[in-house]
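Following: one structure in structure tokens, then a few remarks.
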Amino acid sequence: MPRTKKKNGRGGQHGNVQPFSDEDASIETLSHCSSFSDNTSVADEGGEANEDAAQEDFQFKLKGFIDSTVDKSAKTRQGALDGLKTAMATRILYEFISERRMTITDSIERCLKKGKGEEQRAAASLACLLCIQLGSGIESEEVFKTLKPIFKNILADGSANIQARQAVATSLGLCTLVAEDDILDVQATMECFENLFTRSYARRDGTCPTINPQTSQLHTNALLSWALLLTICSSTQLKDILCRHLSKLPSLLDSDDVNMRIAAGETIALLFELARDMDSDFEFDDWEALCDKLSALATDCNKHRAKTDKRKQRSVFRDILKAVEEGDFQSESIRFGTERMTIDSWVRKRTYDAFREFVGSGMNYHLQANEFIRDVFELGPPMLVDSATMKAMKISRFERHLHNSAAFKARTKARSKFRDKRVDVGEF
């Protein structure tokens, strides 16, 4: 997917460090990575000298994590990968990472090939965060060109660790969105995902295949990554996809896995949105049957399903039903710093959810400072806010408590008024 080549951040000078010992790796990960999300200016506390010292110390630790990714101990490698993940999720490290991107890529490649289970999962996630840090450009393309064949081999290998395959299914989707520059290669990657989740489609006789929970999660991850790449497909590709998949996707709504049902429902809503964007008069032959099935899921009271699953499912499928029936979307406002962003479409929701899955609590920080993510969500260049303005915006703990209390009361009253009274009927 051709994109503007941009740089996303700032770095600094770097120190040298010896690899961590087996014992130190987990300690460093726990004790130091927890501080990566602290965005308070060090200059306010100790001046510019302290800021420089803190920056050097931080980069010293990052160098230690990078060196430790090739340690003989699996525990040390795991700790190093987790440390780098936490740092990349909560800081903008473009210059530091750009200079070492191939070293980090080699480490990820080694961990994916020789590691097991959790180590492979961590390496796959780190690959995604590395591409997010580098943004859409030549550097991330080089990284992805190295890792893509390994991702696809793991994904297609039925004998590979199932957790590794699940992680790769998610990472490959977002890495493709960020770093793939050829739409034909995007299409080829989508076919890899189709080869997985279509195995959960109903058979020709209408029966659903029996799939274990771990494999179902793999298929769910593949479906969500496939849906993510739908957002960048051309109209010609979308028309072909609608013909091949829209009539079959509703069969996934009968899955025993609540996550698969929700993923299928959201993908159907996304396809309807994209189809109506191309043709406002778009019609689906089995529209009434689909709406009946979505309505049943939005009011599901089956006793054999867990209460928490049903509550989660009902909430989501009410929105999906509105999307299919009326073309509506329940908008959501995201506040970060002095700015707000509105999630006003299924396309934007799928994209936002995909990034948030990797950066987690650091999403607001990336929305503020990561030029690539801001470009994806059309937020413009990062806003520069001085410390005085930030202090003026802060409210006291007591004021925050009063605000939260008022919001809680209002929310409770609203939920009491509109809560589904059938939630606990017959569920003892």
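Quickly run through region 249-302 and pick out the residues that are of a type in the set (Lys, Arg) and over 13 Å from Leu223 (Cα atoms). Steps first, answer last, please.
So in region 249-302, the residues of a type in the set (Lys, Arg) come out as 261, 276, 293.
The answer is Arg276, Lys293.
Say whether the condition of being modelled with pLDDT of 85 or more, small (Gly, Ala, Ser), in a helix (DSSP H, G or I) and farther than 15 Å from Glu119 by Cα is met by at least one residue in region 40-61. Scanning region 40-61 turns up at least one residue that is modelled with pLDDT of 85 or more, small (Gly, Ala, Ser), in a helix (DSSP H, G or I) and farther than 15 Å from Glu119 by Cα.
Take Val168 and decide whether it is surrounded by 14 or more Cβ atoms within 10 Å (Cβ to Cβ) and more than 26 Å from Arg261 (Cβ to Cβ). Talk me through it step by step, then tell me what you get.
Values: surrounded by 14 or more Cβ atoms within 10 Å (Cβ to Cβ): yes; more than 26 Å from Arg261 (Cβ to Cβ): no.
The answer is no for Val168.
Among the residues of region 312-360, just one is open to solvent by 30 Å² or more (accessible area, probe 1.4 Å), of a type in the set (A, V, I, L, M, F, W, C) and not in a helix (DSSP H, G or I), namely Phe329.
May I ask you to verify whether Thr210 is in a loop (DSSP other than H, G, I, E, B), open to solvent by 60 Å² or more (accessible area, probe 1.4 Å) and either farther than 14 Å from Ile268 by Cβ or touching a residue at least 24 places away in the same chain (Cβ under 8 Å) (or both)? So Thr210 fits the description; yes. Among the residues of this structure, Lys145 counts as one that is in a helix (DSSP H, G or I), open to solvent by 10 Å² or more (accessible area, probe 1.4 Å) and within 13 Å of Thr176 (Cα to Cα).
Of all positions in region 70-80, none carries a residue that is assigned to a helix (DSSP H, G or I) and in contact with a His (Cβ under 8 Å, 6 or more places away or on another chain). In the condition set (1) free of Cβ contacts under 8 Å to residues at least 60 places away in the same chain; (2) within 23 Å of the chain's Cα centre (by Cα); (3) open to solvent by 10 Å² or more (accessible area, probe 1.4 Å), Leu223 is compliant with all but (3). Every listed requirement among (1) farther than 25 Å from Thr176 by Cβ; (2) out of contact with any Leu (no Cβ under 8 Å at 6 or more places or on another chain) is met by Ser235 save one, (1).
From the list Asn259, Asn195, pick out the single residue that is of a type in the set (S, T, N, Q), in a helix (DSSP H, G or I), crowded, with 17+ Cβ neighbours inside 10 Å and touching a residue at least 24 places away in the same chain (Cβ under 8 Å). Break it down stepwise before answering.
On the way: Asn195 fails: crowded, with 17+ Cβ neighbours inside 10 Å.
One residue alone meets the criteria, Asn259.
With assigned to a helix (DSSP H, G or I) and within 24 Å of Arg318 (Cβ to Cβ) as the only criterion, which of Leu253, Leu218, Leu238, Leu229 stands out? It would help to see each step written out before you state the result.
On the way: Leu218 fails: within 24 Å of Arg318 (Cβ to Cβ); Leu238 fails: within 24 Å of Arg318 (Cβ to Cβ); Leu229 fails: within 24 Å of Arg318 (Cβ to Cβ).
Exactly one residue qualifies, and that residue is Leu253.
Scanning region 70-102 for residues that are of a type in the set (Gly, Ala, Ser) and under 19 Å from the mean Cα position of the chain (by Cα) gives Gly83, Ala87, Ala89.
Any idea which of Leu294, Leu274 is crowded, with 16+ Cβ neighbours inside 10 Å and either over 21 Å from the mean Cα position of the chain (by Cα) or closer than 28 Å to Ala87 by Cα (or both)?
Details: Leu274 fails: either over 21 Å from the mean Cα position of the chain (by Cα) or closer than 28 Å to Ala87 by Cα (or both).
Only one candidate passes the filter, namely Leu294.
The values are calculated or read from the model by the stated rules, or taken from the named source; none is laboratory data. Since this is a predicted model, take the numbers as computed values, not measurements. Because the Cβ atoms are built from the backbone with ideal geometry, glycine has one as well, and the counts that use them run over all protein chains shown. Heads up: the accessible areas ignore ligands, DNA and RNA and are worked out on the full protein's heavy atoms, side chains in. Shrake-Rupley method; radii C 1.70, N 1.55, O 1.52, S 1.80 Å.
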